[in-house]
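The values are calculated or read from the model by the stated rules, or taken from the named source; none is laboratory data. If you're wondering where the values come from, they're calculated on a predicted model, not measured in any experiment. In this analysis, Cβ positions are derived from the backbone assuming ideal geometry, glycine residues included, and neighbour counts consider all displayed protein chains. Ligands, DNA and RNA are excluded from the accessible area calculation, which covers all protein heavy atoms including side chains. Shrake-Rupley method; radii C 1.70, N 1.55, O 1.52, S 1.80 Å.
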Amino acid sequence: MNKFEEYATKFVQSVGSKEGAVSPVLTTSASFGYGSAENAEGIFDGSIKKPLYSRMGNPTTSKLESIMAEMDAGIGAVATSSGMGATTLATISLLSSGDEIISIGGLFGGTYALFSETYSRFGIKTHFFDVDELQEIKNRINDDTKVIFLESVGNPNMRLPDIKAIANIANSAGVALIVDNTITPLSISPLKLGADIVVYSTTKIISGNASALGGCAVFRAINDGDDKFKSTRYKFLDKFINKMGKMALIPNAKKRALRDFGMSANAQASYQTLLGLETLPLRMQRINSSIELIAKELDKNGLNINHPSLSKHPHNERYKQDFSDGCGTLLTIDMGSKEAAYKFINNSKLATITANIGDSRTLVLHMASTIYSDFDKGTREFLGITDGLIRVSIGLENPLDIIQDFLNAAK
Ligand SMILES: *Cc1c(COP(=O)(O)O)cnc(C)c1O
């Protein structure tokens with residue numbers, strides 16, 4: 001059974017309720033009455049599990065968090081205002097000035113900018129690697145390395161990492177591995193492969209229809225016995241491990257990031273994300289099967305397509321073995337020049353031109369002139385951004401309509 005079938009049952013059953021309101025209850029209140037001074041004390045010290053204030057947690061958002069945690073076999077999750085919020089929450093909750101990040105694969109433009117331009121202002125240094133530079137990655141790890149960050153599918157370079165091999169490196173070195181799994185939820189389960197935290201932009205395929213900006217970080221449990229988070233590298237976690245045991249990464253993220261930086265999810269967005277989550281398995285299954293057909297047909301007709309399902313792709317074997325349920329909604333087309341790319345984009349009658357991905361509709365965008373326009377030539381080369389590169393996010397349309405429209409647009 002593929003992952004999508006398993007979750008098709010789980011999600012519709014857990015999003016809806018069997019008694020009372022079937023659709024998730026939307027609680028938009030920012031604050032919550034505590035009833036008594038004693039209750040207030042208990043809510044603040046965590047002994048009473050009731051909402052404190054919506055920056056720290058909200059009942060609608062909690063429902064989303066519990067389903068996301070279950071989806072990835074985590075001990076818990078923290079939903080955020082955006083995918084960048086989730087990446088910031090997960091990383092900054094483990095980092096201090098003087099620390100280092102090892103960033104592998106990808107990389108989404110916002111994450112690249114966060115690491116290279118923003119964190120560097122606070123004394124945090126990032127080393128960037130391609131997914132196959134395993135030896136260089138090992139050599140780079142030192143006592144200051146607190147985070148290894150990985151994108152499960154390169155957006156937009158379409159390179160696929162060997163997540164297990166990288167998780168093994170992170171585990172033997174005792175360093176946290178955070179995986180951005182935005183592009184391919186369900187078909188890849190990073191925590192099961194040995195990662196510690198998974199982050200998502202739920203704005204993309206999880207909501208699926210451009211109705212809500214959001215993000216989520218899912219955390220693994222701290223082990224009862226030995227655990228890399230009990231080492232001196234993560235000394236600051238001790239107090240949370242002593243108090244909260246296997247949950248420790250969550251209060252750490254809430255206190256060191258959510259409370260102070262305030263990247264909290266909005267309840268309305270959490271509600272809409274839950275509605276999207278309910279049909280995620282169906283949409284993933286549909287698009288992952290469409291995309292292989294579309295990549296094959298466009299490639300056969302002479303378009304320069306980058307997708308790991310094609311036998312010419314350097315990670316085709318890895319795709320077949322490790323990504324057997326597919327790797328998400330993205331493929332890229334290299335039209336050779338900016339002019340040819342613009343012509344293709346303007347000729348397409350079906351595609352929507354936008355920076356989003358994972359939508360019900362097929363979306364396209366010229367990379368060099370938009371998301372990566374701020375970056376210099378060397379950085380663009382490293383990230384695989386050529387002058388003619390178009391990123392395509394395949395939607396729910398009939399794949400034959402997409403093929404026909406794209407072949408017409410390329411004429
Ligand atoms: C879009 C995206 C993000 C950022 O998400 P936002 O919700 O736009 O903040 C992070 N990582 C990847 C891979 C993305 O595609």
Going through (1) free of Cβ contacts under 8 Å to residues at least 40 places away in the same chain; (2) under 22 Å from Ser81 (Cα atoms) one by one, Lys239 fails only at (2)
Exactly one of Ile92, Ile141, Ile163, Ile101 is more than 19 Å from Val199 (Cα to Cα) and touching a helix residue (DSSP H, G or I) at 6+ places or on another chain (Cβ under 8 Å), and that residue is Ile141
Filtering segment 138-154 down to residues that are over 19 Å from Ser93 (Cα atoms) and touching a strand residue (DSSP E or B) at 6+ places or on another chain (Cβ under 6 Å) yields Arg140, Ser152
The correct count of residues that are surrounded by fewer than 21 Cβ atoms within 10 Å (Cβ to Cβ) and among the β-branched types (Val, Ile, Thr) in segment 253-277 is 0
Counting only residues that are farther than 21 Å from Cys327 by Cβ and in a loop (DSSP other than H, G, I, E, B), segment 140-176 contains a total of 6
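Quickly run through segment 14-55 and pick out the residues that are over 27 Å from the mean Cα position of the chain (by Cα) and not in a loop (DSSP other than H, G, I, E, B).
Matches in segment 14-55: Ser31, Ala37, Glu38, Asn39, Ala40, Glu41, Gly42, Ile43, Phe44, Asp45.
Table: residues versus (1) open to solvent by less than 40 Å² (accessible area, probe 1.4 Å); (2) within 16 Å of the ligand (Cβ to nearest atom); (3) modelled with pLDDT under 95.
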| site | (1), (2), (3) |
| --- | --- |
| Gly33 | no, no, no |
| Ala69 | yes, no, no |
| Gly76 | yes, no, no |
| Gly83 | yes, yes, no |
| Ile92 | yes, yes, no |
| Ser96 | no, no, no |
| Ile101 | yes, yes, no |
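Residue by residue, here is whether (1) acidic (Asp, Glu); (2) within 14 Å of Val392 (Cα to Cα); (3) assigned by TED's automatic domain parsing to the domain that holds Ile67 holds:
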{"site": "Met284", "(1), (2), (3)": "no, no, no"}
{"site": "Ile287", "(1), (2), (3)": "no, yes, no"}
{"site": "Ser290", "(1), (2), (3)": "no, yes, no"}
{"site": "Asn304", "(1), (2), (3)": "no, yes, no"}
{"site": "His315", "(1), (2), (3)": "no, no, no"}
{"site": "Tyr319", "(1), (2), (3)": "no, no, no"}
{"site": "Asp322", "(1), (2), (3)": "yes, no, no"}
{"site": "Cys327", "(1), (2), (3)": "no, yes, no"}
{"site": "Leu331", "(1), (2), (3)": "no, yes, no"}
Among residues of segment 92-139 being assigned to a loop (DSSP other than H, G, I, E, B) and small (Gly, Ala, Ser), the residue nearest to Met367 (Cα to Cα) is Gly106
Here the residues within segment 143-158 that are open to solvent by 10 Å² or more (accessible area, probe 1.4 Å) and within 16 Å of the ligand (Cβ to nearest atom) are Asn157
Per the filter on segment 183-208, residues open to solvent by 10 Å² or more (accessible area, probe 1.4 Å) and within 15 Å of the ligand (Cβ to nearest atom) are Ile183, Ser201, Thr203, Lys204
Cβ pairs under 7 Å, 6+ apart or interchain, first in segment 375-394 and closer than 17 Å to Phe344 by Cα, second open to solvent by 50 Å² or more (accessible area, probe 1.4 Å) and assigned to a helix (DSSP H, G or I), ordered by first then second residue, are Asp387/Lys338; Gly388/Lys338
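Taking Ala170 as the residue in question, decide whether it is touching a strand residue (DSSP E or B) at 6+ places or on another chain (Cβ under 7 Å), modelled with pLDDT of 95 or more and among the small types (Gly, Ala, Ser). Steps first, please.
Numbers: touching a strand residue (DSSP E or B) at 6+ places or on another chain (Cβ under 7 Å): yes; modelled with pLDDT of 95 or more: yes; among the small types (Gly, Ala, Ser): yes.
When the stated conditions are applied, Ala170 passes them.
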* Could you please let me know if Lys3 is within 25 Å of Asn252 (Cα to Cα), touching a Ser or Thr at 6+ places or on another chain (Cβ under 8 Å) and open to solvent by 50 Å² or more (accessible area, probe 1.4 Å)? => no
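Which is touching a strand residue (DSSP E or B) at 6+ places or on another chain (Cβ under 7 Å), outside the structural domain of Asp374 (by TED's automatic domain parsing), open to solvent by 40 Å² or more (accessible area, probe 1.4 Å) and hydrophobic (A, V, I, L, M, F, W, C), of Phe122, Phe108? Talk me through it step by step, then tell me what you get.
Working: Phe122 fails: touching a strand residue (DSSP E or B) at 6+ places or on another chain (Cβ under 7 Å).
Exactly one of Phe122, Phe108 is touching a strand residue (DSSP E or B) at 6+ places or on another chain (Cβ under 7 Å), outside the structural domain of Asp374 (by TED's automatic domain parsing), open to solvent by 40 Å² or more (accessible area, probe 1.4 Å) and hydrophobic (A, V, I, L, M, F, W, C), namely Phe108.
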